[in-house]
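See structure below.
FYI, it's all coordinate maths here, none of it is from the lab. Keep in mind the model is a prediction, meaning the values are calculated, not measured. A quick note on method: Cβ atoms are made from the backbone with ideal geometry, for glycine too, and the neighbour counts reach across all protein chains shown.
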Amino acid sequence: MKRHSAIIPLSHDHHHALILAQALKKNAPKTGLGSKSPEEKVKAAVNSYNTELVPHFNHEEVLLFPLALGKDEELDKMINDIIEEHDKIRNTIETLSEGNLEENLDAFGKLLENHVRTEERKLFPKIEEVVGEEGLNVLDGQIIAVKDSCEI
């Protein structure tokens, strides 16, 4: 599905988040981050959270969601659920290095993957439907993919 140009940078961020999620899960391909020790994966996950996910969540919560809230009851519920997931992801990253690292990494990878898939498959299409092209045009150029906006 073709995304509105204002939302495309968020989808680019999601691509990077899915790569991270796959590398953190059990039975990850033994290449790149997937071949690292659990301790190295925790460090990479925390770094990615701080440098990529936090700014990404900020783009959604400060720019995109306020534009969409109050226009549709179902969409409002979806946005509130996503914000709760952002909080759950933050809480999970804070406890990632406690206990069984492999289990924690697997759970975090699954949480992140499910979160991204929900946004891409349900939330973004609903925002595009409810807010419409004209409404989203006000965001053009305001949201920049995190990887494109900093040296990571």
Exercise. If you place +1 on the Cβ of every Lys and Arg and -1 on the Cβ of every Asp and Glu, how big does the dipole about the Cα centre of the range 1-102 come out, in debye to the nearest 20?
Worked result: 620
For this session: Taking only Cα atoms and a 10 Å spring cutoff, compute GNM fluctuations for the chain and point out the largest among Lys30, Lys126, Lys88.
Result: Lys30
Seminar exercise, completed: Once normalised by the length of the chain, the mean sequence separation of its alpha carbon contacts under 8 Å that are 6 or more apart gives a contact order in percent of 44
Problem set entry | Separation of the Lys43 and Lys77 label points, Cα + 7 Å toward Cβ, nm | 4.5
Problem set entry | Those chymotrypsin sites (Phe, Trp or Tyr not before Pro) in the range 36-112 that DSSP places in a loop and that have at most 10 other beta carbons within 10 Å | none
Exercise. In the chain, which whole DSSP H runs stretch at least 20 Å along their own axis (Cα) and average -0.5 or higher on the Kyte-Doolittle scale?
Worked result: 8-24
For this session: Note the full-extension length gain between Ser97 and His15 as 0.36 nm times their separation in residues minus their Cα-Cα distance, in nm to one decimal.
Result: 27.1 nm
Problem set entry | Among [x] 48, 30, 24; [y] 51, 35, 25; [z] 82, 30, 26, the entry derived from the coordinates for Cα extents along the principal axes in Å | [x]
Exercise. Of the listed peptides 63-70, 5-12, what is their order by residue-averaged count of other C-beta atoms within 10 Å, with the highest listed first?
Worked result: 5-12, 63-70
Problem set entry | Out-of-range pairs (alpha-carbon distance over 21 Å; input Lys26/Lys77; Lys2/Lys30; Lys71/Lys122; Lys30/Lys110) | Lys26/Lys77; Lys2/Lys30
